[in-house]
Amino acid sequence: MIEERVVSGMRPTGTLHLGHYHGALKNWARLQTEYPSFFFVADWHALTTHYTEPDIVEASVWDMVIDWLAAGIDPSQATLFIQSRVPEHAELFTLLAMSTPLGWLERVPTYKDQQEKLADRDLATYGFLGYPLLQAADILIYRAAYVPVGEDQVPHVELTREVARRFNHMYGREPGFEDKVKAAAKKMGSRKAKLYFELRTRFQEQGDEGALETARALVDEQQNLTSGDRERLLGYLEGSGRIILVEPDALLTEASRLPGLDGAKMSKSYGNTIGLREDAASVTKKIRTMPTDPARVKRSDPGDPEKCPVWQFHLVYSDDKTKKWVQEGCRSAGIGCLECKQPVVDAVLAEQAPMRERAQKYVDDPTLVRNILADGCDKARAIARETMREVREVMGLAYT
Ligand code: TRP
Ligand code: SF4
């Protein structure tokens, strides 16, 4: 049975903050219990924007992975690795580049957006234009079913799907394909083979999605098929070619969005962050000095939580009872702002305590992190190599 893999990456461009935790890592920690999950340090992606600052990238790699481990990413469940240590990503990127139209990359919204936003960096580079295609290679090389990402990344997953579709269309047609399908089906036994062809007909002639699902399951549960045969059988169900690269789906993070201390997006460049493992005294001070509804000049002035960034924190951290207490107390000037902030301070510190604790052994012994990543790279590479073997073969690079 082919397991549905999850793949996601994060760029090492600085230490992580609670926005990363609520926006991504919390979700990763859940996914690792549900799917074989591959989480990697996207160091090449970091260099597309930070190519003049290699020190930042290098230093951030280790801290970032400690932050992941602190957040509960568990190396006994998920595979953690570094993109550049699996150079097959670059090979697939190069091969996909041959047939990817320039317009597809120029039209990706992040291309122009980021160039405008990061105007102090020269992003009129070939590498930056290719960013989403490198991301497509990251995903396709593991034949991932799901890619957990934030909303801004959805167009990249969409591009990944188009690249996969085009690739399969171009290279999935092999001589004698139908005969190979028949031979593969035979390996399932005659009863199941018959059912397989009947289900395909039902899907192709009547558009019966249920039949397609059943047929896929039939192929998936078959233990004795090679991966080539499996792809032929799956590809033949929907069309007339072999599926070499799998189209993934984006998994939108149901982000309980945590804004920054000032209510804007939490981001290092705005200086409004709380570090994932920041010490308690500093966190307490930051929250106690957060801006509040400007209408509350004096303690006796009533306020409106909707106009206050502290309320956004309550939405993430507080239960209904506390939220009701804030709403009533703020609007009636029944509570002061420091009083209102205390439950947030307590909740943030309570969230961070286990993270700091989990991180400690990795801070004390960095070889643990090195070893986790080395193991992860080996596992990732084994899968990446297998995909590349097939990609090379259909692109005429097998030379046997
Ligand atoms: N582009 C992603 C980001 O900026 C990082 C990334 C690189 C990624 N490769 C990926 C995410 C593959 C998911 C899958 O957040
Ligand atoms: Fe904000 Fe709370 Fe002060 Fe109201 S009482 S302004 S919600 S901090």
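The values are calculated or read from the model by the stated rules, or taken from the named source; none is laboratory data. Note that the structure is predicted; figures quoted are calculated from it, not measured. Quick reminder, even Gly has a Cβ in these numbers, built from the backbone with ideal geometry, and neighbours come from all protein chains shown.
Among the helices (runs of 4 or more DSSP H) contained in segment 7-126, which hold 3 or more residues that are among the β-branched types (Val, Ile, Thr), outside the structural domain of residue 357 (by TED's automatic domain parsing) and at pLDDT 95 or above?
Output list reads 54-70.
Mind listing just one residue for me: the one in segment 65-98 that is in contact with a Lys or Arg (Cβ under 9 Å, 6 or more places away or on another chain) and charged (D, E, K, R) and, of those, farthest from residue 357 (Cα to Cα)?
91
Can you confirm whether residue 285 is free of Cβ contacts under 8 Å to residues at least 12 places away in the same chain and either outside the structural domain of residue 16 (by TED's automatic domain parsing) or touching a Ser or Thr at 6+ places or on another chain (Cβ under 8 Å) (or both)?
When the stated conditions are applied, residue 285 passes them.
Residue 21 is checked against (1) hydroxyl-bearing (Ser, Thr, Tyr); (2) closer than 24 Å to residue 145 by Cα; (3) over 17 Å from the mean Cα position of the chain (by Cα); (4) crowded, with 19+ Cβ neighbours inside 10 Å and fails just one. What number does that condition carry?
Every condition holds for residue 21 apart from (3).
From the list 213, 198, 205, pick out the single residue that is of a type in the set (Asp, Glu), modelled with pLDDT of 90 or more, farther than 28 Å from residue 142 by Cα and in a helix (DSSP H, G or I).
Matching residue, one of 213, 198, 205: 198.
Under 8 Å by Cβ, and 6 or more places apart or on different chains, what pairs join a residue from segment 202-222 that is touching a residue at least 60 places away in the same chain (Cβ under 8 Å) with one that is surrounded by 12 or more Cβ atoms within 10 Å (Cβ to Cβ) and not charged (D, E, K, R)?
So the pair list comes out as 220/2.
Being of a type in the set (Ser, Thr, Tyr), in contact with a Pro (Cβ under 8 Å, 6 or more places away or on another chain) and not assigned by TED's automatic domain parsing to the domain that holds residue 332 narrows it down to one of 226, 253, so name that one. Break it down into steps so the answer makes sense when it comes.
Values: 226 fails: in contact with a Pro (Cβ under 8 Å, 6 or more places away or on another chain).
From the options 226, 253, the qualifying one is 253.
When you scan segment 96-112, how many residues do you find that are among the basic types (Lys, Arg) and over 23 Å from the mean Cα position of the chain (by Cα)?
Here is the first cut: in segment 96-112, the residues among the basic types (Lys, Arg) are 107, 112.
The next check asks that each one be over 23 Å from the mean Cα position of the chain (by Cα); those that pass are none.
Total meeting the criteria: 0.
For segment 61-72, indicate whether the set of residues that are farther than 20 Å from residue 365 by Cα, away from ligand 1 (no atom under 16 Å from the Cβ) and either touching an Asp or Glu at 6+ places or on another chain (Cβ under 6 Å) or of a type outside the set (D, E, K, R) (or both) is non-empty. Don't jump to the end; show me each part of the working.
Just the residues of segment 61-72 that are farther than 20 Å from residue 365 by Cα, to begin with: none.
No, segment 61-72 has no match at all.
Go through segment 266-290 and give me each residue that's of a type in the set (Gly, Ala, Ser), part of a loop (DSSP other than H, G, I, E, B) and more than 16 Å from ligand 1 (Cβ to nearest atom).
271
Determine whether segment 291-305 contains at least one residue that is in a helix (DSSP H, G or I), modelled with pLDDT of 95 or more and within 25 Å of residue 266 (Cα to Cα).
yes
For residue 373, state whether it is more than 10 Å from ligand 2 (Cβ to nearest atom) and in contact (Cβ under 8 Å) with a residue 60 or more places away in the chain.
Values: more than 10 Å from ligand 2 (Cβ to nearest atom): yes; in contact (Cβ under 8 Å) with a residue 60 or more places away in the chain: yes.
Against the criterion (more than 10 Å from ligand 2 (Cβ to nearest atom) and in contact (Cβ under 8 Å) with a residue 60 or more places away in the chain), residue 373 qualifies.
Considering (1) more than 13 Å from ligand 1 (Cβ to nearest atom); (2) surrounded by 18 or more Cβ atoms within 10 Å (Cβ to Cβ); (3) hydroxyl-bearing (Ser, Thr, Tyr), say which one residue 126 fails and leave the rest.
Going through (1) more than 13 Å from ligand 1 (Cβ to nearest atom); (2) surrounded by 18 or more Cβ atoms within 10 Å (Cβ to Cβ); (3) hydroxyl-bearing (Ser, Thr, Tyr) one by one, residue 126 breaks only (2).
Given 125, 94, which one is of a type in the set (Val, Ile, Thr) and closer than 30 Å to residue 386 by Cβ?
After ruling out the rest, the residue left standing is 94.
Quick check: is even one residue across segment 132-153 in a helix (DSSP H, G or I), at pLDDT below 95 and in contact with a Leu (Cβ under 9 Å, 6 or more places away or on another chain)?
Yes, because at least one residue in segment 132-153 is in a helix (DSSP H, G or I), at pLDDT below 95 and in contact with a Leu (Cβ under 9 Å, 6 or more places away or on another chain).
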